[in-house]
Amino acid sequence: MNRLIPVTQVATNPPSHRSSDKIYPRSFSGIYRRLRIGAGAMLFTLYFGTVWLNWGERQAVLWDITEKKFHIFGATFWPEDLVLLSAILIICAFGLFFITVLAGRVWCGYACPQSVWMWAFLWAERLTEGDRGQRIKLDDSAFSQHKALRRFLKHSLWLLISAGTAVTFVGYFTPVRDLAPNILSLELSGSALFWVFFFTAATYVNAGWLREKVCLHMCPYGRFQSSMVDNDSLVVAYDASRGDPRGSRHKGSDPSAQGLGDCIDCEMCVQVCPTGIDIRDGLQMECIGCAACIDACDSIMEKMDYPKGLVRYASDNELNEGTRHILRLRLVAYFLILVTMIGLFSWALMTRPLLGLELEKDRGLFRFNGSGYIENSYLLKLTNKDIETRHAVIKVSGGEGINMLGPSRVILRAEEKREVPIILEKAPDSLVSEVTSINFEVSTVEDPEKRFIIPTTFLGPINR
Ligand code: SF4
Ligand code: SF4
């Protein structure tokens, strides 16, 4: 049976790379940085690009709050489809569980919006205030014109990214092609203006000021990662058996002669860490799996002419016993659950009824019409959830001799909602009970095999 990897709670002494509580991550190039940039660029392109895509006449992805409809490419979800939308969230959660068991917090490091926006804000910071050393110096320096200018440029860039993020976000709820010109002509509605300001402020504070604190104190995922990863999960790890004892040395000297391992104790892996931890202390809750420390350490190993991989993606078993099992019961179980849920979701999506029906019975019990017949009134609410016109056919079954006064065919345009008043009448002497069970049957000309049946009652007096 798999053991869980112990997640270390490290000492709270402020490390040397911090100035008070602020973390100044050093920038470092390497393969994992390139991967992160690629993943971030993909997420940015998806986020900022999808909102401008059209599907037919309409915005491809739009949560229309006023109409209470969610359009996602060709499909439209209505409030009654909420269970399907919840299923998407559950599938995403199981996808995350699967990925975590397989490769730790790889989601956090490469694709989580909080991390991606944080990297973008760090890039803006580096561009305007310089790399780690220059930023520390600037923070420690007295107020000057140079400092004010750097600060102004940084915050302007942050606000620009935040405003773009906010407008795009609001654009997923209000047609973006109306929203953008309204912003430019300052004709934005009060609520749209509020949400643009709100999300601008939220992005600016989250990615600019809170940064890793969101991952450390607000995101629940980091808290339960320790119960998800096992000793075969791939995590960012320091190979202590190779690196310890740590110590500085001259390049080319023999570390074993000095009783040292491969770690030169340069702390570069700590300086690049966006959450300010030392990976050499073991897997920690604060580690978001970004692999910046791998890039940093690999470049040091290269300079020292040591083999790379002192800090690398490895499992606990791989480091301690030299073995790694990819296929594990827990991983297979998550995979099977995931595949089953995706299958069920696809089936439910494809077979969901594209005709919505609701029936309201008139509050009055019954009445007599001019011909002496008993009348009951109903209101049939029809919703065409399809993106094509449908022709609904309405019938009444049960209760001999009931006539339907009202349209038996209704044309429903794409995504149209119609209320159809219907009156049923029956001769008083044909009534055998005060309450007669009947059914409204609705089908469509396009799909006559699929019938929707709504049971209801016809009321009338006996022995008048
Ligand atoms: S320890 Fe390494 S992988 Fe973890 S957050 Fe820090 S830099 Fe990223
Ligand atoms: S970067 Fe590598 S060599 Fe330097 S302290 Fe970290 S683990 Fe040791």
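Could you work out the equivalent-ellipsoid semi-axes for the range 281-341, taking the square root of 5 times each eigenvalue of the Cα gyration tensor, largest first, in whole Å?
31, 15, 11
Which longest uninterrupted range of the chain lacks any GluC sites (Glu not before Pro) assigned by DSSP to a loop state (not H, G, I, E or B) and surrounded by at most 12 other Cβ atoms within 10 Å?
Longest site-free region, per DSSP loop and neighbour criteria: 188-387.
Just grab the label-to-label distance for Ile337 and Ser185, each label 7 Å out from Cα along the Cβ direction, in nm (one decimal).
5.2
Could you please state how large a percent of the accessible area of the range 355-459 is carbon and sulfur, counting protein chains only and using a 1.4 Å probe?
Carbon-and-sulfur percentage of accessible area, whole number: 49.
Using protein chains only and a probe of 1.4 angstrom, how many square angstrom of Cys290 are accessible, to the nearest 10?
So the heavy atoms of Cys290 present about 10 Å² to solvent.
So if I place +1 on the C-beta of Lys and Arg and -1 on the C-beta of Asp and Glu, and nothing else carries charge, what would the dipole magnitude of the range 355-459 be about its Cα centre? I want it in debye, nearest 20.
140
When only the heavy atoms of the protein chains count and the probe is 1.4 Å, how do Met301, Met285 rank by accessible area, highest first?
Met285, Met301
Measure nothing but the geometry: give the 0 to 90° angle between the long axis through the Cα atoms of 329-351 and the longest principal axis through the Cα atoms of the chain, rounded to 10°.
Compared with the principal axis, the helix lies near 30 degrees.
Taking the chain as the region of interest, what is the percent of Cα-Cα pairs per 10 angstrom bin, listed from the shortest bin to the one with the maximum distance?
The calculated distribution, bin by bin, is 4, 14, 19, 18, 15, 11, 8, 6, 3, 1, 0, 0.
Rounded to the nearest whole Å², what accessible area per residue is found for the range 1-352 with the 1.4 Å probe?
Accessible area per residue: 52 Å².
For the chain, what does -39500 (n - 2.57) per DSSP helix run (n ≥ 4), summed and divided by total residues, give at 222 nm, in deg cm²/dmol to the nearest 500?
It comes out at -12000 deg cm²/dmol, rounded to the nearest 500.
Please give every one of the lysines within straight-line cross-link reach of Lys147, meaning a C-alpha to C-alpha distance under 21 Å, and leave out same-chain neighbours fewer than 8 residues apart.
Correct list for Lys147: Lys22, Lys137.
Once both labels are modelled 7 Å past Cα along the beta-carbon direction, what's the Ser86-Asn54 spacing in nm?
Calculated label separation equals 3.7 nm.
Determine the dipole magnitude for the chain: charges of +1 sit on the beta-carbon of Lys and Arg, -1 on that of Asp and Glu, nothing else is charged, the reference point is the Cα centre, and the result goes in debye to the nearest 20.
900
Straight-line reach from Lys361: which lysines have Cα under 21 Å away, leaving out those fewer than 8 places along the same chain?
Excluding near neighbours in sequence, the set is Lys381, Lys395, Lys417, Lys426.
If you roll a 1.4 angstrom probe over the protein chains with everything in place, what fraction of the accessible area of the range 106-160 belongs to carbon and sulfur, to the nearest %?
70
If the chain between Val205 and Ala75 were fully stretched, how many nm would it gain, using 0.36 nm times the residue separation less the Cα-Cα distance?
Stretched fully, the Val205-Ala75 segment lengthens by 43.3 nm.
Would you list, by chain and number, the aspartates and glutamates whose Cα falls below 13 Å from the Cα of Lys385, excluding same-chain residues fewer than 8 positions away?
Output for Lys385: Glu67, Glu80, Asp81, Glu415, Glu416.
Could you give the nm distance between label points at Glu400 and Met218, where each point is 7 Å from its Cα heading toward the beta carbon?
Between Glu400 and Met218, the simple spin-label model gives 7.1 nm.
The values are calculated or read from the model by the stated rules, or taken from the named source; none is laboratory data. Nothing here was measured: the structure is a model prediction, and the numbers come from that model. Ideal geometry is used to build each Cβ from the backbone, glycine not excepted, and the neighbour counts take in all protein chains shown. The accessibility values were calculated without ligands, DNA or RNA, using every heavy atom of the protein model including side chains. Shrake-Rupley method; radii C 1.70, N 1.55, O 1.52, S 1.80 Å.
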